[in-house]
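Everything on this sheet refers to the single structure shown next.
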Amino acid sequence: MSGEASSSTSRDARLTILARVRQAQIRAHIPETKAGLPERLAYPPTTPAARRARLLEEFKILGVEAYVEESEEAVRLRVRSLVTGKTILSWDADRLPYGIGEAVRGEKIYYGHDSKEDQGQAEIGLTGCQNALAETGTLAMTSGQGRPRSASLMPITHVVVIREADILQGMGEFFDGFRKSPELPYLVFITGPSRTADIELSLTLGVHGPGYLIVVIGP
Amino acid sequence: MSHFLDRVETALKDEELKGALDRATERLGSRRSASLASLENSDMIRDMARRAKMGLLKDLAGNLETFEKNLIKNGVKVHWAEDGKAANGLLVDIAKKAGCKRAVKSKSMATEETHLNHDLLEADIDVLETDLGEYIVQLAGTTPSHIILPIIHMTKERIGEVMHNKIKVPYTSDPEKLAKIARVKLREAFLSADLGITGANFGVIDSGTIVLVSNEGNARLVTTLPRVHVVVMGIEKLVPNLADLDLMIKILGRSATGQKITTYTSLITGPRRAGEADGCEEMHVILLDNGRSRILGGPIAEILGCIRCGACLNACPVYKNIGGHAYGDTYPGPVGAIVTPGLRGIKGWKELPDASSLCGACREVCPVRLDIPRMLLELRKHAVEEAKIPFSLRMGLWGFGEVASRPWLYKTGARLGGIFARLLAPDGWIKKLPGLAGGWTRSRDMKAPAPKSFQQLWRERAAARPAGKPPAAPTPAREPAHVR
Amino acid sequence: MTKPKSVQLFHTCIINEVYPEVGMSVVSILERLGITVEVPLSQTCCGQPAFNAGFHADARKVARHTLDLLSANPAPVVIPSGSCGDMITHQYHMLFADEPEYLAKSHALSERCYEFSVFLVDVLGITDIGARFGTGAADAFKAAYHPSCHLLRGLGAKTQPKALLAGVQGLQCADVHDQEECCGFGGMFSVKNAAISSGMLANKLRNLEASGAKSVVSCDMGCLMHMAGGIRRKGMKLEVKHLAQVLEEGLGEKAEL
């Protein structure tokens, strides 16, 4: 798919708008901003244990159900206990850590290539996660082959498996990892279950996305 | 359209609205303070975010070109619209060319501004709002009244009635049940939609990324399920890079709802890639001017740094009293009082910048420290230059400059005014003032000027005092004062 | 800075015409602290009413007069109003943005302009001037401090008036809900947008009443005149007082008039 300005009206509009903006910015009164600020935010060093503790603390505030498992086998058991008997919408088996794909074999599972209607039947989404961000209790998920976006979005429950080593302090550190990469993948930062307070400020979970977020942290 | 002051009177009579506004603004306001207090270096982060926003405005044209180039590189089709009509026309064209008939939308101020839904329906394209609040607004046939909480003005009972009447579901006023009904109804719409329409919270210049935040997840569904995704965004909604985006995200959620970060923050960098199972196949960005370039060239250019968090609404005592609808257009509250006359022109909107006591609460809470009172003053000045001023006010201020720069004339005028006023007020208080000043005595008595001015008292004291006596008494040691 | 021996008083229009006794209290407090007070008699108004209404040309005429007058005397300027103080120290810069001569003058003058409470606390370094009420905690005089918007957010003086009140023995500061919210005065706003202004005032008076205070104390007679008008209309019991009046009363003897 090649990107380009579409219609001729839009092309004319482009020239007009850019010319107007150029004219305007010559005489624009943009206020001066505070001097002496650092170029970028600095991140004080943290330890893995501190990051994990902070992440769990934030999860608690957000209402995220979290399990910390000491072994790979324990992770598989935990996940199996969470999903057994349910219809699952999963990342491809080879995209899940700890051999979880094998561990849940035999359950009713849909994948990204199934129809949206089928995917819509799933009760549980099962995914991995690129990184977790401790200071906000956030899961940073990228999508790609075998890692559909729908799995973390459509089912009412989302089960995420992350490695303790993938817990970062915050979003700034996470973005630093992309500074040299030529293009960004699709990214979503997930922080707690889907929520709304639109009706008289009363908090309701799971209005569009998952109402239950369960995180299993493995070694 | 009705006059601003009439809309204000209507709003002020609405007790239900007042209660809702009090609860919501107080809750959001206190959560905001607590949340920012827990952010380390929050003042510096706000300063840095302001620097990023102001900095990019200095070469907005160059930044737009870079942003466009990077979008195109990512496989996005880029369109430009001078005004709302043009943006809607482009969107209809895109939909027709792609054969789209059913659109789902996530909350977007830009498309509210262009009245997109009207033009889509006219072109036979179904469109459904999917943010819970916006969905109910659409069902009820009204407009949102708060940037973050669109139906802050509706009770749960009224929402239940709207859903019962419009989509034929059993009546309930339980927020959880209402939300569940919406989830089911809207999920069907998501699955059948072929066009997703969103705004953009930010456009990251150097990666060509569209950033969307939402708490419900509807923005994710809108951009994941339909095969075509169209973004309509104002040309000012940029941030230079991901490090700056980090700053914005840190302050946006905290300022808006008091969350450390909104539940979902999506970074969409082009349509779905080879091998991906979902995401749109075709992605378009419509860059909307609609008066923004004019704003940039004038004294309120600073408002283009607004990140639409809504914190100024919750802090504003005027908004708390009158709610969002009284502002008469897409953007309510202090930000609306600047953006609306900025986008639409001061003619017809000059009441908005006037409707502020200049208390500065908005400036205090603005995450990017926009000097909103200064901009209100600029717009008032502009209105005086451009628009007609009510005769009574013109008379009231006419000659103020001439008189008040001539001490003798000024004092004589003030004393004469005082004598006249005291005639109206034998007990020192005036109960009813004529003309425009009658606004005061609507709810307040007016204290009449004192029989002797301060300067008279001062001169009398000087005359009574023997020359050469030092005026200053030494500070007395603490001694008991009379008991009150 | 070294403690000044004398100051010029910019008494403001409202004090001159409506509340002259407040001006006398300000003088009394300053003189007790050993400061000679000069009152430039040809002062008029700072120009804020015209400025806020958008009539910048008119405001500039008045502001030039004020700048010329106050700049002629090197003594610091004391202004018993956060609002007029903010006008002179900040808004003049905007008013004279395109007039280099007066812009320079306004910057120079703003360096030595002080709102009354700021002058006492920041320049003189005083928070306790020896004022007291009653004989003990039991019969403490309960007052509600109202931070005027232009003092609080315009001049950024959050702590100074509170420190002076805290220094008054036997005065108890009442907790007021939404204490920092505007009373709805806003000059011409109270007339042009009377309905909104009245709504804001009603909230403020409700919160003040609920605080149980006997008096509402502020550093701006504009806000106090506004609240007093509402208090009187509603038949409430609350008194309004400028901070200088509270301090003077607490010292137990009237200024020498």
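The values are calculated or read from the model by the stated rules, or taken from the named source; none is laboratory data. This one's a predicted model, so the numbers in the text were calculated from it and none came from an experiment. Methodologically, a virtual Cβ is constructed for each residue, glycine included, from the backbone with ideal geometry; neighbour enumeration extends over all protein chains shown. Side chains are part of the model used for accessible areas, which takes the heavy atoms of the whole protein and leaves out ligands, DNA and RNA. Shrake-Rupley method; radii C 1.70, N 1.55, O 1.52, S 1.80 Å.
Which is farthest toward the positive dipole end of the protein assembly as shown among C:Gln172, A:Tyr110, A:Pro185, measuring Cα position about the Cα centre, with Cβ charges +1 (Lys, Arg) and -1 (Asp, Glu)?
C:Gln172
Interface B/A, total buried accessible area with a 1.4 Å probe, nearest 100 Å²?
8000 Å²
Antiparallel as a % of all DSSP beta bridges within the stretch A:75-149, to the nearest 5?
40 percent
A 28 angstrom limit on the alpha carbon distance is what I want to check against. Which of B:Lys237/B:Lys347; B:Lys447/C:Lys5; B:Lys431/C:Lys237; B:Lys69/B:Lys381 exceed it?
The pairs that break the limit, which is 28 Å between Cα atoms, are B:Lys447/C:Lys5; B:Lys69/B:Lys381.
How many square angstrom of accessible surface are buried between C and B, both sides summed, with a 1.4 Å probe and rounding to 100?
Its buried surface, counting both partners, is about 7400 Å².
Mind listing the phi-derived Karplus ³J(HN,Hα) values for the stretch B:274-279, rounded to whole Hz, using 6.51, -1.76 and 1.60 with θ = phi - 60°, and x for any glycine or proline?
Once θ is set to phi - 60°, the couplings for the stretch B:274-279 become 3, x, 7, 8, 8, x Hz.
Just checking the output field for C:145-151: average partner chain Cβ neighbours within 10 Å of each residue's Cβ?
2
Could you pull out every residue, at least 5 positions away or on a different chain, whose amide H is within less than 5 Å of the one on A:Asn131? Hs are placed 1.01 Å off N in the peptide plane, and Pro or chain starts have none.
Here the answer is A:Ala140, since their amide H atoms fall under 5 Å of that of A:Asn131.
Would you mind giving the mean number of other chain beta-carbons within 10 Å of the Cβ of each residue in C:43-51, as a whole number?
Mean shielding by partner chains, rounded to a whole number: 4.
Any aspartates and glutamates with Cα under 15 Å of the A:Lys60 Cα? List them, leaving off those in the same chain fewer than 8 positions away.
Filter leaves A:Glu135.
Restricting to DSSP H runs of at least four residues, report the calculated mean residue ellipticity at 222 nm for chain B, -39500 (n - 2.57) per run over all residues, nearest 500 deg cm²/dmol.
-15000 deg cm²/dmol
Calculate, for chain B, the solvent-accessible area per residue in square angstrom, rolling a 1.4 angstrom probe over the heavy atoms of the protein chains.
I get 37 Å² per residue for chain B.
Within a Cβ distance under 13 Å of A:Lys86, other residues only, what is the Lys/Arg minus Asp/Glu net charge?
Local net charge: 0.
Which of the residues in the stretch B:425-453 show a loss of at least 50 Å² in accessible area from their chain by itself to the complete set of protein chains, at a probe of 1.4 Å?
The answer is B:Trp429, B:Trp440, B:Ser443, B:Arg444, B:Asp445, B:Lys447 - residues whose exposure falls by at least 50 Å² when every protein chain is included.
In terms of modelled amide H atoms, which long-range or inter-chain residues lie less than 5 Å from the amide H of C:Ser148?
Amide H neighbours of C:Ser148, under 5 Å, 5+ apart: C:Cys219.
Quick one: Cα centre-to-centre distance for the stretch B:276-330 and the stretch B:84-134, in angstrom?
18 Å
Evaluate the relative contact order of chain A (contact order divided by residue number), counting alpha-carbon pairs under 8 angstrom at least 6 apart; express in whole percent.
Relative CO of chain A lands at 23 percent.
List, in order, the whole-Hz ³J(HN,Hα) value for each residue of the stretch A:58-73 obtained from phi through the Karplus relation with A = 6.51, B = -1.76, C = 1.60 and θ = phi - 60°; use x for Gly and Pro.
5, 4, 4, 4, 7, x, 8, 7, 10, 10, 9, 10, 8, 9, 4, 5
If packing is taken as the mean number of other Cβ atoms within 10 Å per residue, what is the order of B:365-376, A:37-48, highest first?
B:365-376, A:37-48
What is the sum of charges, Lys and Arg at +1 and Asp and Glu at -1, for the other residues whose Cβ falls under 10 Å from the Cβ of B:Gly279?
+1
Whole number in Å², please: accessible area per residue of the stretch C:6-123, 1.4 Å probe, ligands, DNA and RNA not counted.
27 Å²
Based on the mean of other beta carbon atoms within 10 Å per residue, what is the order of B:261-268, C:102-109, most packed first?
Highest-to-lowest ranking by the protection proxy: B:261-268, C:102-109.
What's the FRET efficiency of B:Leu121 with B:Arg27 using the Cβ-Cβ distance as r and R₀ = 30 Å, to the nearest 0.05?
Once rounded, the FRET efficiency stands at 0.30.
Would you please name the GluC sites (Glu not before Pro) within the stretch B:256-316 that are DSSP coil residues with at most 16 other C-beta atoms within 10 Å of their C-beta?
Here the GluC sites (Glu not before Pro) that fit, given the DSSP loop and packing criteria, are B:Glu281.
For A:Ile167, what is the net charge nearby, where nearby means another residue's Cβ is under 10 Å from its Cβ and Lys, Arg count +1, Asp, Glu -1?
+2
Once phi is turned into ³J(HN,Hα) by the Karplus curve 6.51 cos²θ - 1.76 cosθ + 1.60 with θ = phi - 60°, what whole-Hz value does each residue of the stretch C:167-172 show in order, with x for glycine and proline?
Per residue, the Karplus-derived 3J(HN,Hα) values read x, 8, 5, x, 10, 10 Hz.
Could you check how much of the accessible area of chain B is carbon and sulfur, as a whole percent, using a 1.4 Å probe?
Percent of accessible area from carbon and sulfur atoms in chain B: 57.
If you wrap a convex hull around the C-alpha atoms of the stretch C:6-123 and split its volume per residue, what is the figure in Å³?
Residue-normalised Cα hull volume stands at 91 Å³.
Where does each of B:Leu178, B:Leu225, B:Leu457 land when they are ordered by accessible area, with a 1.4 Å probe and the largest first?
Largest accessible area first, the residues go B:Leu457, B:Leu225, B:Leu178.
Towards the positive end of the charge dipole of the protein assembly as shown, with charges on Cβ (+1 Lys, Arg; -1 Asp, Glu), say which of B:Met446, B:Ile151, B:Ile94 has the farthest Cα.
My answer, from the dipole projection, is B:Met446.
Given the DSSP H assignment, sum -39500 (n - 2.57) over each helix run of at least 4 residues in chain C and divide by its residue total; what's the result at 222 nm in deg cm²/dmol, nearest 500?
-12500 deg cm²/dmol
Can you list residues from other chains, or at least 5 along the same chain, whose modelled amide H is less than 5 Å from the amide H of A:Tyr67?
A:Val215, A:Val216, A:Ile217
Which peptide among C:69-80, B:242-253, A:84-95 comes first, and what is the full order, when sorted by highest mean count of other Cβ atoms within 10 Å?
B:242-253, C:69-80, A:84-95
Given a 1.4 Å probe, how much area per residue of the stretch C:137-251 is accessible, in Å²?
Solvent-accessible surface per residue comes out at 31 Å².
How well do other chains shield peptide C:29-40, expressed as the mean number of their Cβ atoms within 10 Å of each residue Cβ?
3
Could you give P(r) for the protein assembly as shown, binned at 10 Å from zero, as whole percent values over all Cα-Cα pairs?
2, 11, 19, 22, 17, 13, 9, 5, 2, 0, 0
Which value, in debye to the nearest 20, describes the size of the charge dipole of the stretch A:48-218 about its Cα centre when Lys and Arg Cβ atoms bear +1, Asp and Glu Cβ atoms bear -1, and nothing else is charged?
Using only the charged Cβ atoms, the result is roughly 80 debye.
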